[in-house]
1. Among the trypsin sites (Lys or Arg not before Pro) within region 1-82, which fall in a DSSP loop and have no more than 14 other Cβ atoms within 10 Å of their own Cβ?
2. Determine, from the Cβ-Cβ distance of K44 and A80 and an R0 of 22 Å, the FRET efficiency 1/(1 + (r/R0)^6), rounded to the nearest 0.05.
3. Want the number for H6 to F67: 0.36 nm per residue separation, take away the alpha-carbon distance, what's left?
4. Treating only the Cα positions of region 3-79 as identical point scatterers, give the base-10 log of I(q)/I(0) from the Debye formula at each q in 0.13, 0.24 Å⁻¹.
Amino acid sequence: MDILGHVGEKLRQRILKSGYETVELFAHENGIPKSTLSELLSGKNDPRLTTVFKICAALDIMPSELFRDQEIDLWVREGAPRYQARSKNGRGRKAGKNR
C-alpha cells in the first residue's frame, strides 16, 4: 500500500469537501506553499507534523481523523516498515530496542 498516497488522497477529499474550489486556493488561503501541498496530496512528500497540524487546523479536524482508517490500521499492523535508528557507528538498531 502506498500509505503517503492514501493519506494524500484523504486530505484532497477533505479539502474539496470543505468547500474550497481547488487545493491551490486552500493552500493560498491557509499559508501553505502550493508545492508542499501538491507533493503531499500526490504522495510524493512525507510531510512534517507541523504541516499536517496546520492543514488539519484549516480544515477544522483533529489530526487523528486522518488516520482513523481500516487500510491504515492494516498497514500499521501487518506491513509498516520498521524504523531503523542509526547509531554513531552506522549500524542500525531494531525497532523498539533502547540502548
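We did not get these values from a lab; they are worked out from the coordinates using the rules stated. As the structure is a computational prediction, the values presented were derived from the model and not from experiment. Methodologically, a virtual Cβ is constructed for each residue, glycine included, from the backbone with ideal geometry; neighbour enumeration extends over all protein chains shown.
1. Those satisfying the criteria are K44, R48, R68, R82.
2. 0.70
3. Gain on stretching H6 to F67: 20.9 nm.
4. Here the Debye-derived log intensity ratios amount to -0.36, -1.20.
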